[in-house]
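The structure appears right after this line, and notes come after that.
The values are calculated or read from the model by the stated rules, or taken from the named source; none is laboratory data. The model shown is predicted, which means the values in this text are computed figures rather than measured ones. When we count neighbours, we look across all protein chains shown, and the Cβ atoms used for this are built from the backbone with ideal geometry, even at glycine.
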Amino acid sequence: MRVAFTLIGGKNWTGGRNYLLNLLTALGQHQRDRLTPVLFVGEERSFDDIAAFVVVPGLELVKTPLLNASRRTISLLQAMLVGCDVSLRRLFEAQRIDVVFEAAQFYGWRLNIPAIAWMPDFQHKMLPHLFSRGGWWKREIGFRLQVASGRMIMLSSNDARHACERYYPSTQGRTRTIHFAVATSCEISYEEARAVADSYGLPPHFFYMPSQFWRHKNHELVLDALQILRQRGRQVVVAASGKQVDSRDPKYFPKLLAKLQRTGLEDCFRMLGMIPYSHLLMLMRSCTALLNPSLFEGWSTTVEEARSLGTPMLLSDLEVHREQMGDAAVYFERHSALSLADAFDAFEPLNEFQRMQRYSDAREAAIQRVEQYASNFVELVEYSKQIQQT
């Protein structure tokens, strides 16, 4: 089968890009005999935009002016008013596409090719105050169009699937949960990882928080917890990397930075900014534990990455975190700085033998999860094609 994909995410949402890259890589490594992914990109895309994708095993790349940014609005209007972007449909047909993977885009109810709509999460429903009115409706209208068109809906967690069926009852019976998984491509020694941590001036024991500086990622709770620990005479170091801007709330990061300086916690809360992805993995490998205090997740990529390395975790008490990690993590109340402070205080670092054993076991388990992920996706593609034909 030939499945059409288009680029997801960008500078403001690197998670979408990484999700697509992980999915295509998993398919190329484990399902090349059953599925050929075809990635359609705009002609205006630079080599840097697609460099990571062109080396994916078995991937075909198609450049087309039909997906240039200047044409995006026209394409959407045609999909909404006429039922499809006819030019794009003809291109899919010319490339013998069997199923279209639809993410952050709508191709119309008259596409005449089976489509799977991936809905990453329902944050706009659960945390509407984090969205502008226009941003909320843009997202909502996109979801409603996909629901009304009768698409198969793919979700990354059971938590998201239940939310989808609650908010859009007509999707019941056509939702599927496909847990995504990642596996590191090469072995990372602890000594190598520790050398990278040393280059950032990090102490032997530190907690690592690789999250964009978005309001719902809950950085303020971490500062409040660190203040509590300081009052107890304890010092814990948290290293935080990620893009230091929230496009939905431009005032958030300046306010957070001002609070950090006002509280004098700069030595406890280390802001690393944007760092290379290879360094992110090294810090995950060398940290005492991954920290994710988020108020909302669809299925956390950073948690999945840390899981693949056997890194201990300190996570907020989201249902999706519990679905993802079960008993293999420490949880704290996401609205309670005291709960997080207590979790920091009670956390026991692994010894060298424990760290080595967890890393070895985690790498093997991650490969199996990635194989299952790719297989589950292909089965959903096959099912989508089958029901279209019947």
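Mind telling me which of the residues 48, 33 ends up being without any contact (Cβ under 8 Å) to a residue 12 or more places away in the chain and in a loop (DSSP other than H, G, I, E, B)?
Only one candidate qualifies: 33.
Find the residue count for segment 163-180, including only residues that are farther than 20 Å from residue 114 by Cα and over 19 Å from the mean Cα position of the chain (by Cα).
Summing the residues that are farther than 20 Å from residue 114 by Cα and over 19 Å from the mean Cα position of the chain (by Cα) in segment 163-180 gives 5.
Residue under question is residue 75, and the condition is that it be buried (at least 18 other Cβ atoms within 10 Å of the Cβ) and either among the polar types (S, T, N, Q) or at pLDDT below 90 (or both); does it hold?
Yes.
What are the residues in segment 332-390 that are acidic (Asp, Glu), closer than 29 Å to residue 228 by Cβ and more than 26 Å from the chain's Cα centre (by Cα), if any?
Across segment 332-390, the qualifying residues are 342, 345, 348.
Filter segment 370-390 down to the residues that are surrounded by fewer than 18 Cβ atoms within 10 Å (Cβ to Cβ), farther than 19 Å from residue 102 by Cβ and touching a residue at least 60 places away in the same chain (Cβ under 8 Å) and list them by number.
The answer is 371, 372, 375.
Can you tell me which of (1) over 28 Å from residue 239 (Cβ atoms); (2) in contact with a Leu (Cβ under 7 Å, 6 or more places away or on another chain) is the one residue 127 doesn't meet?
(1)
So which strands (runs of 3 or more DSSP E) stay within segment 284-353 end to end and still have 2 or more residues that are farther than 18 Å from residue 241 by Cα?
By residue number, 330-332.
Among the residues of segment 235-249, is any at positive phi, surrounded by fewer than 20 Cβ atoms within 10 Å (Cβ to Cβ) and not basic (Lys, Arg)?
Checked segment 235-249: no residue is at positive phi, surrounded by fewer than 20 Cβ atoms within 10 Å (Cβ to Cβ) and not basic (Lys, Arg).
Counting only residues that are touching a helix residue (DSSP H, G or I) at 6+ places or on another chain (Cβ under 7 Å) and over 11 Å from residue 294 (Cβ atoms), which one in segment 310-328 is surrounded by the most Cβ atoms within 10 Å (Cβ to Cβ)?
Residue satisfying both the conditions and the ranking: 311.
Can you confirm whether segment 239-252 contains a residue that is under 16 Å from residue 302 (Cα atoms) and in contact (Cβ under 8 Å) with a residue 60 or more places away in the chain?
yes
What are the residues in segment 245-284 that are of a type outside the set (A, V, I, L, M) and under 19 Å from the mean Cα position of the chain (by Cα), if any?
246, 247, 248, 273, 276, 277, 278, 279
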